[in-house]
């Protein structure tokens, strides 16, 4: 399979060849469909998550993503792949919790070291849903509720983080998310809150671990395949041997192909090959899942992109200029009042039509963020990662 065919398929599955059309259904439901198709959207920085989602849905803006999350509840903000904060489709949450929770249980006591032992982790998994059964709680309120339920050890400030020390229970916050014990609620002023998936989504019940893992592996291959078990393990944050075992368990549901320039990989059996060339220009924000989840890096981040658009080999730290399915530059945005300044640094020479597409993407970004004026600068991005 040529790399161009792999790239074209992924662009289509990620709605980066053409945004999804809302049609007659609610925009928040279409947003959930798109998020499901990408196996979640990184949401540590919510403003970046809103752009990631809205860029994939025709006419969608940031407030639509917030409505999907907090009003219509077609999305959930919780801990997803690698323990990082993601937006997930609400209808997919039972499979996510079944899969990720099962992996965390299989890891054993090491999931809580060095701050917690296995019994303490299980006590927190049991106590958190009860503490959140009737109200959203801030981090401080949940800390007190957990301490009241399981003992003062849960609130001891021992976890090093950002020049401070967090309560002991925060060490396994991602595990609590994976086990379905908590997820994020709406902000209260500037403070984050936590809530229970059971209260947020009535009738919520996690899937059994093994079928949930198989379902997740197939969804991943739909959005990111062809891929290897090692790439899946890296994306999910799972042990490599467990991923290899999981891929073998998929049986006739998958088939092996050879990606030109990379090597053997696995795709869904009978998945059609895209024969058209990958086309289009896109501005992808920090931590967009296309750049983070697609492999191999050597083909997606080819040439100068390997040095300029990665940070110590890691994707996500720079917003990406995507041209015809390839990382072809980086960009940066700065908001001053009602004026958005977008600086795009191409790493390849852009044709006139491609420059016009860059301008259209900058205007689309302004629309998503409800900004009245946008200025596009093509030149060197003067800031580093995470700026």
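The values are calculated or read from the model by the stated rules, or taken from the named source; none is laboratory data. What you are looking at is a predicted structure, and each value in this text was computed from that prediction instead of being measured. Here the Cβ positions follow ideal geometry from the backbone for every residue, glycine too, while neighbour counts run over all protein chains shown.
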Residue under evaluation residue 354, criteria (1) more than 24 Å from residue 37 (Cα to Cα); (2) free of Cβ contacts under 8 Å to residues at least 60 places away in the same chain, criterion not met: (2)
Search result, residues across the stretch 320-341 that are surrounded by 17 or more Cβ atoms within 10 Å (Cβ to Cβ) and over 22 Å from residue 306 (Cα atoms): 340
Qualifying positions in the stretch 150-166 - in contact (Cβ under 8 Å) with a residue 24 or more places away in the chain and under 13 Å from residue 131 (Cβ atoms): 150, 154
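Looking at the stretch 117-134 only, could you name the residues that are assigned to a loop (DSSP other than H, G, I, E, B) and either within 11 Å of residue 179 (Cα to Cα) or in contact (Cβ under 8 Å) with a residue 12 or more places away in the chain (or both)?
Step one: of the stretch 117-134, the residues assigned to a loop (DSSP other than H, G, I, E, B) are 117, 132-134.
Of everything in the stretch 117-134, those that are assigned to a loop (DSSP other than H, G, I, E, B) and either within 11 Å of residue 179 (Cα to Cα) or in contact (Cβ under 8 Å) with a residue 12 or more places away in the chain (or both) turn out to be 132, 133, 134.
Given the criterion more than 24 Å from residue 328 (Cβ to Cβ) and either surrounded by 24 or more Cβ atoms within 10 Å (Cβ to Cβ) or over 13 Å from the mean Cα position of the chain (by Cα) (or both), identify the matching residue among 8, 18, 4, 32.
Details: 8 fails: more than 24 Å from residue 328 (Cβ to Cβ); 18 fails: more than 24 Å from residue 328 (Cβ to Cβ); 4 fails: more than 24 Å from residue 328 (Cβ to Cβ).
Unique residue meeting the criteria: 32.
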Matching residues, the stretch 365-387, being surrounded by 11 or more Cβ atoms within 10 Å (Cβ to Cβ), under 27 Å from the mean Cα position of the chain (by Cα) and either outside the structural domain of residue 339 (by TED's automatic domain parsing) or within 10 Å of residue 332 (Cβ to Cβ) (or both): 381, 383, 385, 386, 387
Criterion: buried (at least 18 other Cβ atoms within 10 Å of the Cβ), at pLDDT 95 or above and at negative phi - qualifying residue of 139, 127, 149: 127
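Hey, among 161, 111, which residue is exposed (fewer than 15 other Cβ atoms within 10 Å of the Cβ), at pLDDT below 95, in contact with a helix residue (DSSP H, G or I) (Cβ under 8 Å, 6 or more places away or on another chain) and under 18 Å from residue 85 (Cα atoms)? It would help to see each step written out before you state the result.
Values: 111 fails: exposed (fewer than 15 other Cβ atoms within 10 Å of the Cβ).
Result: 161 is the single residue among 161, 111 that is exposed (fewer than 15 other Cβ atoms within 10 Å of the Cβ), at pLDDT below 95, in contact with a helix residue (DSSP H, G or I) (Cβ under 8 Å, 6 or more places away or on another chain) and under 18 Å from residue 85 (Cα atoms).
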Scope the stretch 1-39; condition at pLDDT 95 or above, touching a helix residue (DSSP H, G or I) at 6+ places or on another chain (Cβ under 7 Å) and more than 22 Å from residue 270 (Cα to Cα); matching residues: 16, 20, 27, 28, 31, 32, 34, 35
Meets criteria (more than 16 Å from residue 284 (Cβ to Cβ) and over 27 Å from the mean Cα position of the chain (by Cα)) for residue 334: no
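Based on this model, can you work out whether residue 177 counts as in the same structural domain as residue 66 (by TED's automatic domain parsing), touching a helix residue (DSSP H, G or I) at 6+ places or on another chain (Cβ under 9 Å), closer than 16 Å to residue 80 by Cβ and assigned to a helix (DSSP H, G or I)?
Details: in the same structural domain as residue 66 (by TED's automatic domain parsing): yes; touching a helix residue (DSSP H, G or I) at 6+ places or on another chain (Cβ under 9 Å): yes; closer than 16 Å to residue 80 by Cβ: yes; assigned to a helix (DSSP H, G or I): yes.
Yes; evaluated as a whole, the condition is true for this residue.
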Flag for residue 303 being surrounded by 15 or more Cβ atoms within 10 Å (Cβ to Cβ), in contact (Cβ under 8 Å) with a residue 24 or more places away in the chain and closer than 29 Å to residue 260 by Cβ: no
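Just to be sure, is residue 98 at pLDDT 95 or above, touching a strand residue (DSSP E or B) at 6+ places or on another chain (Cβ under 7 Å) and not in a loop (DSSP other than H, G, I, E, B)? Please lay out each step first, then the result.
Details: at pLDDT 95 or above: yes; touching a strand residue (DSSP E or B) at 6+ places or on another chain (Cβ under 7 Å): no; not in a loop (DSSP other than H, G, I, E, B): yes.
Against the criterion (at pLDDT 95 or above, touching a strand residue (DSSP E or B) at 6+ places or on another chain (Cβ under 7 Å) and not in a loop (DSSP other than H, G, I, E, B)), residue 98 does not qualify.
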